[in-house]
Structure formats: C-alpha cells, structure tokens
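Novice: This structure is in structure tokens; I'll ask about it shortly.
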Amino acid sequence: MTATPRIDVELDKIRHNTRILVQRLHPLGINVIGVTKAVCGHPEIAKAMLDGGARGLADARIGNVERMRQAGITAPIVMIRPPMLSQICEVTDACSSSYNSEFETIAALSAAAHRKRKTHRVILLIEMGDLRDGILPDDLDALVARIVDLPGISLKGIATNFACLGHKEPDHRTMAAFSALADDVESAHGPYMETVSGGSSVSLPWALGPFKKGRINELRLGEAILLGIHPLTGNPIPGLHTDAFSLKAEVIEAKVKTLSCSNSRFSRETPSLRLVPDHAESIRVNLAVGYQDTDIAGLTFPEGIVLAGATSDHTVVETNDRGIRPGNEVNTQPNYSALMRAMAAPDVSEVIHSACNASSRGPKGPIRPTPSLVAIDGGYE
Ligand SMILES: *Cc1c(COP(=O)(O)O)cnc(C)c1O
C-alpha cells in the first residue's frame, strides 16, 4: 500500500499552467518568475516551472534555494524575503539577487560579495500599501544614494508586494506610481532599472486588464501556477489546471456516532428527542492526518464528505457512505496554506507524477505511484 498522508503532484499540469501564463503575459512585456516557496523549493516542480517558460525562480528561504542548487538548477533564483543578516554568506552564494529594504543588509551583502569577488544583484523592495515589507517611496531616493556606489553589488531594479499582509488588490494608480519610481531612480542616480517587478498572483487581474503596464516587466507567480486560482477570490483562472496537487489521507476508523445515540437513547426524561433523523445516520470517519501535517481547514473534501473537526493527528469527517472502511484513502484538494504546510511536513510524502516517469520522497522511502484504492461516490480516484 502506498504511504499516506501523501501529496500527489502532476508535473504536466504545473508546466501547462506556467506556459499558459507566460503566453498571456509575454505579449504585454511581462516576464514570469516561478515562486517555489509553497513547495519548499522542490526541484522537480521548479524545473517544471522553468520548462513552462518561467524566466527564473524565487523563494523566501535559503534552505529551499540551496535544495534547488544541489539538484543542479542553475537558473537565476531571487531571494524574495529580505535576507537575514545571519545568512548573508549563504544568500550571496546561492542567489543571483535578493529583495532588500534595509541599508545594513545591503551593506553586508556588498561586503560579502566583494570579498568573494562576486556581484550580487540588489532589487529594492518598495512599500506600496500592503504594510508588510518595503521601503517607503519617500525614503527611496536617500537609500539609493547610499548604496549606488557600494562595491560587490549592483542595483538592478525595484519590486513591490500586494495583498501579502493586507487584502488590497493592486489598482492601476498604485501600479502607475510604482512604475514611475523606476524612472525616478534612473534619472536621479543612473543605474538602469532592468527589473520592475509588479507583485505576485494578485497582480494578474491588473496585468491582464486594460491598464498601461508602464515599466512593469515582471510578475512573481506561485499560487496561480501551482493551484490555477486567483489568490484573493479563490476563483479558477480560465485555461489553468486547479488540481495539480492532491493530498491523500488514510481512513483509520469509520463508525456511526450520532448525537441521538449519546443524548436521547439513554435519556428517560427526553425519550422523544432525536437530533438526527434515522435516514440521515451520519458516519464519522477518522483520517490519519492532522494539524501537524497541514492546514486542515484548507482542504476541500470530495462531495458527500464534510469536515467535522481536527486535532494535531486526527481529522474527523462525516459522510453517509457506509462503504468507507479503514485502509481506504480519501482524496482532498489543498489550498495554498494547506499545500505549503503539507510540503514542509516530515510525515507527508510526495509522489511526483510526470508523463513518462515518477519519483518520490517520503518517510517510508521510495514509493511506487499506484492509483489510490477507493472508488466511492465518484469523489475518489
Ligand atoms: C509568496 C510571494 C510571492 C508569490 O505569491 P503568490 O500569491 O503565490 O503568487 C511573490 N512575491 C513575494 C515577495 C512573495 O513573498
């Protein structure tokens, strides 16, 4: 039997999603960078993004970047979380560029890169209203003046974030103001702003809308590529696959447990109380997956299965289906939060399916990618 909990990954769908987004954005002068943080820098998924036409990769954690480098990926990888001062050396070794908002960090990158006779590319992260990370536009000029002549680094562009902390979708005025900053930096200080990165999947409606793109020539896409949806609305993006990932969990208990059985059957005072009608007898099913493995609330269950609750190691669902027995697998669709936590969880294995081969990593060693075992309700595989 194949190990569970398990994430099945269909690489073809990731490649397809990347390709479609690249095809739509390229005519607008916008390059796609594939964001790998939700899949912990999984090298095969990163390669599928590159095969689909992504210009480069981006991640927020150095460990993920090193994993991709160790797997032989030589494409440019940008560190999109401003580097920690304690990881400057690793960042200059593994990343071609990084997003920055603090002078001290840029000075440390400069010193480290200079020592190694390298040039690290600096992208300045600009705060455009999300209030997570970034330089206030009013402070940009003074910061550029301080870093523009530092050795070991070259200022290559600007980037911004939307709807990371807040929920505000970028509007065309904000994008135009951001784009204008590229011109301002160039005219005041000289260096050409090669990269003007206008945000993540949340910027897609703006990019594909009727607005002028200005200087913006890049988007960093994670969720849109991986899950095929708009992050803010959850709506599918037409033409993309929304099921490149599925999370399988195994049934360890399936029993009828109704409130009527605990309350009314044994109560002399309320002999007529029946909270659950006979015909809708609910079966409670325990799955061997819990909060330690993923964001349970971020899982979508097949039709006819409803989440009742979860603990660190158990997930309880309700169904009317008497066919579900221990050993069966229940197939769920993870959202971004569930996906990223499952990909990082040590007890969740991954099985990579591609058109002609498959490989895996998991707590139980190599796993053969066999189809799952249950066929109930049409909701399973
Ligand atoms: C996570 C992240 C992205 C990608 O966001 P998606 O919503 O997955 O497209 C892009 N840029 C930065 C800085 C990020 O942290």
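Novice: At 1.4 Å probe size, put Leu140, Leu50 in order of accessible surface, largest to smallest.
Specialist: Result, largest first: Leu50, Leu140.
Novice: Beyond 21 Å, what percent of the Cα pairs of the stretch 142-239 remain?
Specialist: Working: 1903 of 4753 pairs.
Of all Cα-Cα pairs in the stretch 142-239, 40 percent lie more than 21 Å apart.
Novice: What is the spin-label model distance, in nm, from Cys164 to His26 if the labels are put 7 Å beyond Cα along the C-beta direction?
Specialist: Simple spin-label model gives 2.9 nm for this pair.
Novice: What does the highest-first list of 340-353, 70-83 look like by mean Cβ count within 10 Å?
Specialist: With the highest mean Cβ count within 10 Å placed first, the list reads 340-353, 70-83.
Novice: Determine the calculated [θ] at 222 nm for the chain from helices alone, applying -39500 (n - 2.57) to every DSSP H run no shorter than 4 residues and normalising by the residue count; nearest 500 deg cm²/dmol.
Specialist: It comes out at -8000 deg cm²/dmol, rounded to the nearest 500.
Novice: Determine one quarter of the surface area of the Cα convex hull of the stretch 1-97, which equals its mean projected area, and express it in nm² to one decimal.
Specialist: Here the figure is 7.5 nm², rounded to one decimal.
Novice: If you don't mind, another one. Taking the Cα-to-Cβ direction at Thr233 and at Glu104 and moving 7 Å from each Cα, how far apart do the two end points lie in nm?
Specialist: Here the answer is 4.3 nm between the modelled labels.
Novice: Contact order normalised by length for the chain, with contacts defined as Cα pairs under 8 Å and 6 or more residues apart; what percent is it?
Specialist: Answer for the chain is 18 percent.
Novice: Heavy-atom accessible area of Cys89 with all protein chains present, probe 1.4 Å, nearest 10 Å²?
Specialist: Accessible area of Cys89: about 60 Å².
Novice: A further question on this structure: Could you give the length gained by full extension between Asp149 and Ala355, i.e. 0.36 nm per residue of separation minus their alpha carbon distance, to one decimal place?
Specialist: 69.2 nm
Novice: Right, something else. Between the stretch 169-190 and the stretch 18-90, what's the alpha-carbon centroid distance in Å?
Specialist: The stretch 169-190 and the stretch 18-90 have Cα centres spaced 24 Å from each other.
Novice: Between Asp139, Asp59, Asp51, find the one with the highest GNM mean-square fluctuation for the chain; connect C-alpha pairs within less than 10 Å.
Specialist: With Cα springs under 10 Å in the chain, the top fluctuation among Asp139, Asp59, Asp51 is at Asp139.
Novice: When averaged across all projection directions, what area in nm² does the alpha-carbon convex hull of the chain cover?
Specialist: 22.6 nm²
Novice: Let me ask something else about it. Assuming a ≥ b ≥ c are the square roots of the Cα gyration tensor eigenvalues, decide whether the stretch 10-227 counts as rounded (a/c under 1.5), prolate (otherwise, with a/b larger than b/c) or oblate.
Specialist: It is oblate, given that a/c is not under 1.5 and a/b is not larger than b/c.
Novice: For the stretch 239-245, just list the computed ³J(HN,Hα) in residue order, Karplus coefficients 6.51, -1.76 and 1.60, θ = phi - 60°, integers in Hz, with x standing in for Gly and Pro.
Specialist: Along the stretch 239-245, the couplings run x, 9, 7, 9, 10, 5, 10 Hz.
Novice: Report the accessible area of Ser203, computed with a 1.4 Å probe over the heavy atoms of all protein chains in place, in Å² rounded to the nearest 10.
Specialist: Per-residue accessible area (Ser203): approximately 0 Å².
Novice: On to the next question. Give the total of Lys-Lys pairs in the chain with Cα-Cα distances below 16 Å; include a pair only if its members are 8 or more places apart or on different chains.
Specialist: Count of close lysine pairs: 4.
The values are calculated or read from the model by the stated rules, or taken from the named source; none is laboratory data. Fair warning: this is a prediction, and the values are worked out from it, not measured in the lab. Backbone-built Cβ (ideal geometry, glycine too); neighbour counts: all protein chains shown. Areas reflect the complete protein model, heavy atoms only, side chains present, ligands, DNA and RNA absent. Shrake-Rupley method; radii C 1.70, N 1.55, O 1.52, S 1.80 Å.
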